[in-house]
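*Asks:* Here it is: the structure, laid out below.
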Amino acid sequence: MDNQWKNCLEQIRRKTDFQPRIGIVLGSGLGDYGDQIQKEAVISYREIEGFPVSTVQGHRGQFVFGYIKDVPVVLMQGRVHYYEGYSMQEVVLPIRLMGLLGAGKLLLTNAAGGINTRFTAGDFMMITDQIATFVPSPLIGPNPQELGERFPDMSEIYDGKMQQKIRESARALGIPLQEGVYLQTSGPQYESPAEIRMMRALGADAVGMSTACEAIAARHMGMRVAGISCITNMASGVSEEPLSHQEVEEMGRIRAVEFRRLLEDVVPGIDKA
């Protein structure tokens, strides 16, 4: 793994010398946003030897380097997931690369299932904390000291100042914003009603199959992290409707315009945070 990230970094640097300040992972429904920014370079994951490639429908699979309101950013159009068969170290490789390319801050977005019964499908939830106990840590294995220390502190995974900027943007735009704890599972199956009741008892407000491991890898490297979930469906047992990936994608598309408005206002704010 040590040589893998070094090799991938060298390959990207041969294609672009762009220096992003913020890395952004575009979750389900947001992938097309990368087409709308001022682009400086686009690198397909398939162009990078040894790089994990997303196999999920709706995930484009490329880095987009460019500007959001004059802020230099690198976007991931499509993430990779543990359930696709990659190791957790491979899953977080893109996050590590964004940090090594210069991004000191990371904005994670995702589609999530609502556990909190006060939520409704279509809500946005700012992530204030997370539960990653149900998936392997991405830090298992040898620890490259140049990336971070062996036992990193996780007492404040999601940066308080960045959270405040997200609140201010949502308030200024008139976009309702929930807040809560995100729990990551391995997937790919959706959760059972009993599992959702357990997760609610543990303090989770939303559940998904990504993000928490990415946040851990970013904090390990000293990156500052913020996260926003689009609650695309209510979790099993909260709603009587059967769950499907099509439902997740459809709600993501419906809320994509508002999500983009929020992103465009949030990025300059967290750049200054």
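Since every read-out is calculated from the coordinates, none of them should be taken as a lab result. As the structure is a prediction and not an experimental result, all values here were calculated from the model. We place every Cβ from the backbone using ideal geometry, glycine too, and count neighbours over all the protein chains shown.
*Asks:* Alpha carbon centre of region 63-136 versus region 227-241: separation in Å?
*Replies:* 18 Å
*Asks:* Additional query: Between L9 and Q246, what is the spin-label point distance in nm, taking each point 7 Å from the Cα along the Cα→C-beta axis?
*Replies:* 4.4 nm
*Asks:* May I ask you to list the trypsin sites (Lys or Arg not before Pro) in region 1-102 that are in a DSSP loop and have at most 16 other Cβ atoms within 10 Å of their Cβ?
*Replies:* Here the trypsin sites (Lys or Arg not before Pro) that fit, given the DSSP loop and packing criteria, are R21, K69.
*Asks:* Next question. Could you check what % of the DSSP bridge pairs in the chain are antiparallel, to the nearest 5?
*Replies:* DSSP beta bridges in the chain are roughly 40 percent antiparallel.
*Asks:* Same structure, new question: Taking neighbour Cβ counts within 10 Å as the exposure measure, how do T120, T128 sort from fewest upward?
*Replies:* By the 10 Å Cβ count, ascending, the order reads T120, T128.
*Asks:* Using DSSP to call loops (not H, G, I, E or B), can you name the GluC sites (Glu not before Pro) in region 34-80 whose Cβ has at most 12 other Cβ atoms within 10 angstrom?
*Replies:* Passing both the DSSP loop test and the Cβ count: E49.
*Asks:* Return the aspartates and glutamates within reach of K165: Cα separation strictly under 20 angstrom, same-chain partners fewer than 8 residues apart disregarded; answer none if there are no such residues.
*Replies:* D70, D123, D129, E156, E179, E258, E264, D265, D271
*Asks:* Taking the mean number of other Cβ atoms within 10 Å as a proxy for protection, how do you rank 208-216, 102-110, 195-203, 152-160 from highest to lowest?
*Replies:* Per-residue Cβ counts within 10 Å, averaged per peptide and sorted highest first, yield 208-216, 102-110, 195-203, 152-160.
*Asks:* Write down the Kirkwood hydrodynamic radius of region 2-272, to one decimal in angstroms, obtained as one divided by the mean of 1/r over all alpha carbon pairs.
*Replies:* The answer is 18.5 Å.
*Asks:* Would you mind ranking I68, I127 by Cβ crowding within 10 Å, fewest neighbours first?
*Replies:* Listing I68, I127 from fewest to most nearby Cβ atoms yields I68, I127.
*Asks:* Restricted to Cα positions, what overall size does region 110-229 have along the principal axes? Three whole-Å values, descending.
*Replies:* So the extents along the principal axes, rounded to whole Å, are 43, 38, 21.
*Asks:* Ranking D123, D17 by Cβ neighbours within 10 Å, fewest first, what do you get?
*Replies:* D17, D123
*Asks:* Let me ask you something else. Run the helix sum for the chain: -39,500 (n - 2.57) per DSSP H stretch of 4+ residues, divided by residue count, reported at 222 nm to the nearest 500 deg cm²/dmol.
*Replies:* Calculated at 222 nm, the ellipticity per residue is -10000 deg cm²/dmol.
*Asks:* Binned at 10 Å from 0, what are the whole-percent values of the Cα-Cα distance distribution for region 181-248, short to long?
*Replies:* Spelled out per bin, shortest first, that is 18, 49, 25, 7, 0.
*Asks:* So, one more: Would you work out the charge dipole size for the chain about its Cα centre, treating the Cβ of every Lys and Arg as +1 and the Cβ of every Asp and Glu as -1, and quote it to the nearest 20 debye?
*Replies:* So the magnitude is around 560 debye.
*Asks:* Any idea which of G187, Q38, L262 is furthest toward the positive side of the dipole for region 2-272, if Lys and Arg beta-carbons carry +1 and Asp and Glu beta-carbons -1?
*Replies:* Comparing the listed Cα positions along the dipole, Q38 ranks first.
*Asks:* Between R261 and S186, 0.36 nm times their residue separation minus their Cα-Cα distance comes to what?
*Replies:* 24.0 nm
*Asks:* Under a Cβ-Cβ cut-off of 14 Å, what is the net charge of the residues other than G187 that fall near it, where Lys and Arg count +1 and Asp and Glu count -1?
*Replies:* Local charge sum for G187: -2.
*Asks:* Starting at the first residue of region 131-144, write each ³J(HN,Hα) from the Karplus equation 6.51 cos²θ - 1.76 cosθ + 1.60 with θ = phi - 60°, in whole Hz, x for Gly and Pro.
*Replies:* With coefficients 6.51, -1.76 and 1.60, one gets 10, 10, 5, 8, 10, x, 5, x, 9, 5, x, x, 10, x Hz.
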